[in-house]
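The values are calculated or read from the model by the stated rules, or taken from the named source; none is laboratory data. What you see is a predicted model, and the numbers here were worked out from it, not measured in a lab. Using ideal geometry, Cβ is built from the backbone for each residue, glycine included, and neighbour counts are taken over all protein chains shown.
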Amino acid sequence: MSMNQGTLYIISAPSGAGKTSLIKKLLTEMDDLMVSVSHTTRVKRSEEQTGKDYFFVTREKFEEMRTQKAFLESAQVFDHYYGTSKQSVLENLAQGLDVILEIDWQGAQQIRKMLPDCQSIFILPPSIEVLKTRLESRGQDSEAIIQRRMEDAVIEISHHHEFDYMIVNNVFEEAVFALKSIILSNRFRHSRQKIRLKKLLDGLC
């Protein structure tokens, strides 16, 4: 087990802001970085893989895990439940991995209380009009669901002030660079470097 504790990153955004695409790109460009796979009660989509996109469980199983305090955070989103496994996150952090949680503002509040050293990042769309266009271009949802997502987006965005960093996803590559910069800068913090560079420091001091 590594003595160099990883950093937990909360990344939140309204639906349609491009959070998932940004994180997928980030993972191809950085080592020692992973995304925590959440448990959910919603039905698996055809393109999704169990254990990679989500752990798909029944409502009964989810309630059982929540009773056992197996989640760092859990929330209800669009009539379904989502939860982050406590054991998985803590084990990966202890191994020196940086862990990303893709969660909403409610989950972020819960995580901050339990793990106050986490870093939180909020992704904004360039405008509310662009956000709606992105949701419509997916071709996945009815107009009623899109309208509901837009209403929820306003609520989500209203909590931006609770986050440590904000990034506007206007130019995709620039937003990826901003995310990468935040993670790299935290890796060079003295508290992490003094462990990683112990042999060098012992030879210099």
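List, please: which pairs have Cβ atoms under 9 Å, are six or more places apart or on different chains, and start with a residue in the range 57-75 that is in contact (Cβ under 8 Å) with a residue 12 or more places away in the chain and loosely packed, with under 10 Cβ neighbours inside 10 Å and end with one that is part of a loop (DSSP other than H, G, I, E, B) and not aliphatic (A, V, I, L, M)?
From the range 57-75, the pairs are 58/41.
Of these, 41, 28, which one is of a type outside the set (Lys, Arg), modelled with pLDDT of 95 or more and surrounded by 17 or more Cβ atoms within 10 Å (Cβ to Cβ)?
Sole residue among the options that is of a type outside the set (Lys, Arg), modelled with pLDDT of 95 or more and surrounded by 17 or more Cβ atoms within 10 Å (Cβ to Cβ): 41.
From the residues in the range 2-14 that are over 19 Å from residue 173 (Cα atoms) and of a type in the set (Gly, Ala, Ser), which one is farthest from the chain's Cα centre (by Cα)?
So the residue we want is 2.
Got a sec? Which of 182, 128 is in contact with a Phe, Trp or Tyr (Cβ under 7 Å, 6 or more places away or on another chain), of a type in the set (A, V, I, L, M) and farther than 26 Å from residue 39 by Cα?
182
Of all residues in the range 18-74, how many are of a type outside the set (A, V, I, L, M), assigned to a helix (DSSP H, G or I) and within 18 Å of the chain's Cα centre (by Cα)?
7
Which residue pairs have Cβ atoms closer than 8 Å, lie 6 or more positions apart in sequence or on different chains, and pair a first residue in the range 11-22 that is under 11 Å from residue 160 (Cβ atoms) with a second residue that is among the aromatic types (Phe, Trp, Tyr)?
That search, which allows pairs on different chains as well, returns 12/105; 12/122; 12/163; 13/122.
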